[in-house]
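Scroll down for the structure; my scribbles are underneath it.
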Amino acid sequence: MNVTVMRQVKFCAGHRLLGHEGKCANFHGHNYVVQFHVNGKEIDELGRVVDFQVINQLFKGWIDEHWDHGFLLWSEDDNAIKALEQVEPNRIYRMPYNPTAENMARYLMYEIAPDLMSTVEGYDLQVTKVVVWETENSFAEVSVDNARAQADAMLEHAHRSRFE
Ligand SMILES: [Zn+2]
């Protein structure tokens, strides 16, 4: 069997996009909604992939601790980081790339979710999709299928450039 459940987490955070051509280069914030899709190969004796409360505690717990009411910044954004470090207290989360919705979804999917899922004992769970809503009109989605499709496309491209 192959069953997927989804849990949603809401939070507020500030950011800016280093090098952005427009107003996203300024400090500003969003009310984010993140949807975590968790896949299990079987359901337990109570009929669950996993209890929603369990994954909520993990995902919401991580976001509360690291991102909620904080600033997400690219670690190379020295100017913004220095400015925010002047504020007491401050909560700065350094990302390995610009904190776009796309990169936030990617970060949660590949850097955070696997570790969180591995702490759920007795269940074989995989986060297969993370959707980050930046506004009610825009979201970015990273999924296992996307990742595979992207890898295939890159291989195809590499293959073609080698033989052309
Ligand atoms: Zn923004």
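Observations, loosely collected:
- Hey, VAL54 assigned to a helix (DSSP H, G or I) and touching a residue at least 60 places away in the same chain (Cβ under 8 Å) or not: yes
- Check on VAL87, farther than 21 Å from VAL5 by Cβ, away from the ligand (no atom under 16 Å from the Cβ) and aliphatic (A, V, I, L, M): yes
- In the range 1-51, of all residues being surrounded by 13 or more Cβ atoms within 10 Å (Cβ to Cβ) and part of a helix (DSSP H, G or I), the one that is nearest to the ligand (Cβ to nearest atom) corresponds to CYS24.
- Number of positions in the range 57-106 that are among the basic types (Lys, Arg) and either surrounded by 14 or more Cβ atoms within 10 Å (Cβ to Cβ) or part of a loop (DSSP other than H, G, I, E, B) (or both): 3
- Considering the range 91-111, and only residues there that are of a type in the set (Phe, Trp, Tyr) and away from the ligand (no atom under 15 Å from the Cβ), the residue that is nearest to ASN79 (Cα to Cα) turns out to be TYR107.
- Subset tally (residues that are among the small types (Gly, Ala, Ser), modelled with pLDDT under 90 and farther than 17 Å from PHE52 by Cβ) for the range 117-164: 6
The values are calculated or read from the model by the stated rules, or taken from the named source; none is laboratory data. What you see is a predicted model; the values in this text were computed from it and never measured. Please note: Cβ atoms are built from the backbone with ideal geometry, for glycine as well, and neighbour counts cover all protein chains shown.
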